[in-house]
Amino acid sequence: MNTLVWKLLRRHISLGQLAGFLLANLFGMTIVLLGAQFYKDVIPVFTQGDSFLQKDFIIATKKVSALGSLVKSNATFSQKEIEELGKQPFTKNVGAFVPSAFKVSAGLGMKEANVSLTTEMFFESVPDEFIDVKLDKWRFDESSRTLPIIIPRNYLNLYNFGFAQSRNLPKLSEGLIGLVQMDILVRGNGQTERYKGNIVGFSNRLNTILVPQSFMNWANKRFAPNAEARPARLIVEVDNPANPDIASYFHQKGYETEDGKLDAGKTTYFLRLVVGIVLGVGLFISVLSFYILTLSVFLLIQKNTAKLENLLLIGYSPSQVALPYQALTVGLNAVALCVAIGLVALLRGYYTDSIRLLFPQLETGSLWLTVCLGALLFFAMSVFNVFIIKKKIIAVWKRKGD
């Protein structure tokens with residue numbers, strides 16, 4: 001019986017309407033799937049280590065004048081000053097650079113490269129949430145003699161393009177320097193201990209030699225129990241670096257920022273704003289395409305209203321009359337899903353190649369998100385189409401009885 005109904009109704013189905021229905025469905029689904037997959041692929045650029053758009057941070061220090069350096073004025077931050085800065089409306093979080101109150105020396109040797117360096121140095125630590133390097137190896141165990149270390153990336157650049165260049169020494173990559181162990185000597189409180197230092201990352205944000213906060217707290221108590229390690233620098237997470245209140249507050253308090261971070265933060269803020277606008281426009285286009293899809297279904301049924309009324313008058317139930325349209329829309333949804341996944345896979349290949357040129361270590365993963373989200377959209381859209389078609393047929397059935 002349904003076969004006869006389909007043969008009768010398909011004569012009045014417009015291929016143009018079906019094409020419009022399919023294209024609108026395909027367009028909307030492709031935008032949603034591509035947007036979700038693109039977000040998943042590039043989110044590590046924004047959130048993982050060395051992210052240039054992860055958050056807005058400012059390194060705050062106190063101004064050091066010529067007179068202040070002669071009389072040895074205190075350029076450190078008190079706990080009251082840190083708490084006051086944390087209460088400002090533009091501040092989201094504040095962390096302190098805790099310095100080492102003990103003496104540290106380090107030796108670095110590479111027999112193959114004929115390199116041997118020994119120097120006095122210092123350590124600092126900050127809370128883990130402010131570190132822009134992966135933290136999977138950022139742990140200190142008191143029973144272990146190994147100490148993870150993060151150094152500024154510009155230190156490596158200074159060696160490669162300054163020291164090594166001038167002495168005809170081989171340049172070192174990040175991967176190679178990460179395999180080198182440093183001999184760390186810690187002295188204080190009448191004690192001396194040796195550690196093996198492993199460089200686990202290179203920071204673009206923090207211009208200091210970092211050790212885990214847990215090690216710093218433990219070592220300061222052990223090697224300098226009577227010393228007070230007051231921070232001379234603060235790292236401040238702000239909501240909007242373009243906020244003029246930040247510059248006004250820093251000027252009032254006599255604080256400075258390192259390396260023009262305040263201006264750099266403005267650039268990242270506006271770049272994030274542009275990204276948000278683009279994503280908003282894409283979402284609006286997706287919603288509009290789904291609206292066109294629904295409108296196409298209603299136009300398809302409206303065109304065949306007279307035929308539908310006749311079928312209902314001769315005894316066909318609304319479910320029997322609606323079934324061919326429902327099967328048609330579900331089939332078109334399935335076609336749109338398969339084509340959309342193929343298009344996403346094709347387009348993804350282009351943008352991932354471009355992203356990897358900028359971020360070689362970026363891991364993009366698989367298309368599982370596209371497949372799962374596509375299946376969810378297919379199910380939701382099919383249920384929605386089946387429902388509105390059934391509702392429209394019932395409305396025609398009720399009208400024919402009036």
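Details
- The mean sequence separation of alpha-carbon pairs under 8 Å and at least six residues apart, normalised by the residue count of region 154-237, gives a relative contact order of 20 percent.
- Accessible heavy-atom area order of Ser100, Ser354, highest first, probe of 1.4 Å: Ser354, Ser100
- Local charge for Lys253 was computed over the other residues whose Cβ lies under 9 Å away, with Lys and Arg +1 and Asp and Glu -1, and equals -1.
- Relative contact order for region 113-190: 18 percent, from Cα pairs under 8 Å spaced at least 6 residues apart, divided by residue count.
- In loop segments of region 96-185 as defined by DSSP, the chymotrypsin sites (Phe, Trp or Tyr not before Pro) with at most 12 further C-beta atoms inside 10 Å of their C-beta are Phe122.
- For GluC sites (Glu not before Pro), the sites in region 122-170 that DSSP calls loop and that have at most 13 other Cβ atoms within 10 Å are Glu142.
The values are calculated or read from the model by the stated rules, or taken from the named source; none is laboratory data. Source: prediction; values computed, not measured. Reconstructed Cβ throughout: ideal geometry from the backbone, glycine too, with neighbour counts over all protein chains shown. The accessibility values were calculated without ligands, DNA or RNA, using every heavy atom of the protein model including side chains. Shrake-Rupley method; radii C 1.70, N 1.55, O 1.52, S 1.80 Å.
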